[in-house]
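Below is one structure, written out as structure tokens, with a few remarks after it.
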Amino acid sequence: MRRSLVVGNWKMNGTLASAELLVKGIIAGLGENIADIAVCVPYVYLPKVSELVKNTALALGAQNVADKSSGAYTGEISAAMLSEFSCKYALVGHSERRSYYGDTDESVAARFCQAQEQNITPILCVGETLEQREQDQTFAVINAQLDAVINLAGIAAFDAAVIAYEPVWAIGTGKTATDEQAQEVHRYIRQYIAAKDQAIADKIQILYGGSAKPDNAKGLFAMPDIDGGLIGGASLDAESFLKIYHSI
Ligand code: PGA
């Protein structure tokens, strides 16, 4: 049985004070250790949040990581810097990074490798736009996004990685994929990996993201190839994030 994972992606929200309240609220409500749980916080809140989560079941993640290890890359944050704050995870290839900031399949693959070099688990985000779905390109887009990483890192690298399927049309729009729509793509991703390495495919956590909420999480998480969620808006409130976690 794969262990489930629920990850909050705060994006560019909150203040230092609200971050502290949110993390304390989540920790207070964790209860039984039923699954893995993490929050991906803005970089500048990592020092504070890493203190707060110490010795708790709540893990820490970053929302991106540089594609280089160090040097003259103004504004970037390296994997080694993230590991100084006990980051367990780093998102790579989030659709907002791909569409607003020009992160390409190749740079995402480089970020994935940089994270792993510091023993940070990359959470590789993949997913199609509405236009791509309507043109039946969903699987082709996902192939290309996965292949970029497989070509650079090799399939064995997925032994220490997480994949998040996030249909772009469902992110922040309130339009969740149906349980069956999500399951169809999750199964496709797992089979794609299985064709190269069955053991890794059986083991890898594949998360769903895109308007996941307390009222739809249970149905999504009940699907055989959905191993948890990457939660944006609903992770900004401790109660709703915990409700999603407890839907596992
Ligand atoms: P959302 O965001 O839950 O607000 O749709 C998910 C994500 O972008 O990771």
Determine whether A182 is open to solvent by 50 Å² or more (accessible area, probe 1.4 Å) and either in contact (Cβ under 8 Å) with a residue 60 or more places away in the chain or within 18 Å of L5 (Cβ to Cβ) (or both).
no
Return yes or no: is G172 crowded, with 21+ Cβ neighbours inside 10 Å and on the phi > 0 side of the Ramachandran plot?
no
In the stretch 101-125, the residues that are out of contact with any strand residue (DSSP E or B) (no Cβ under 6 Å at 6 or more places or on another chain) and within 18 Å of I189 (Cα to Cα):
D105, A109
Please pick out the residue among V92, V162 that is in contact (Cβ under 8 Å) with a residue 60 or more places away in the chain, open to solvent by less than 30 Å² (accessible area, probe 1.4 Å) and under 30 Å from A217 (Cα atoms).
V162
Any residue in the stretch 208-222 that is farther than 12 Å from S235 by Cβ sitting within a Cβ distance under 7 Å of a residue that is open to solvent by 50 Å² or more (accessible area, probe 1.4 Å) and more than 11 Å from the ligand (Cβ to nearest atom)? List the pairs, counting only those 6 or more apart or interchain.
F221/I248
Considering only residues of the stretch 1-19 that are in contact with a Phe, Trp or Tyr (Cβ under 9 Å, 6 or more places away or on another chain) and assigned to a helix (DSSP H, G or I), which is surrounded by the most Cβ atoms within 10 Å (Cβ to Cβ)?
A19
Mind checking whether some residue in the stretch 97-105 is open to solvent by less than 70 Å² (accessible area, probe 1.4 Å), closer than 16 Å to N151 by Cβ, at pLDDT 95 or above and not in a helix (DSSP H, G or I)?
yes
Has the stretch 20-40 got any residue that is modelled with pLDDT under 95, of a type in the set (S, T, N, Q) and open to solvent by 20 Å² or more (accessible area, probe 1.4 Å)?
yes
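Residues checked against (1) modelled with pLDDT of 95 or more; (2) closer than 30 Å to A17 by Cα; (3) within 15 Å of the ligand (Cβ to nearest atom); (4) touching a Pro at 6+ places or on another chain (Cβ under 6 Å):
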| site | (1), (2), (3), (4) |
| --- | --- |
| N143 | yes, no, no, no |
| A148 | yes, no, no, no |
| A161 | yes, no, no, yes |
| N216 | yes, yes, yes, no |
| G219 | yes, no, no, no |
One residue is enough: does the stretch 193-207 have a residue meeting the conditions within 11 Å of the ligand (Cβ to nearest atom) and buried (at least 18 other Cβ atoms within 10 Å of the Cβ)?
yes
Scanning the stretch 185-212 for residues that are more than 15 Å from the chain's Cα centre (by Cα) and farther than 20 Å from R3 by Cα gives Y192, A195, K196
Restricting attention to the stretch 59-82, which residues are open to solvent by 40 Å² or more (accessible area, probe 1.4 Å) and of a type in the set (S, T, Y)?
S69, S70, Y73, T74
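The values are calculated or read from the model by the stated rules, or taken from the named source; none is laboratory data. Quantities reported herein were computed from a predicted structural model and do not represent experimental measurements. FYI the Cβ positions are ideal-geometry reconstructions off the backbone, even for glycines, and counts take in every protein chain you see. Accessible surface areas use protein heavy atoms only, side chains included; no ligands, DNA or RNA. Shrake-Rupley method; radii C 1.70, N 1.55, O 1.52, S 1.80 Å.
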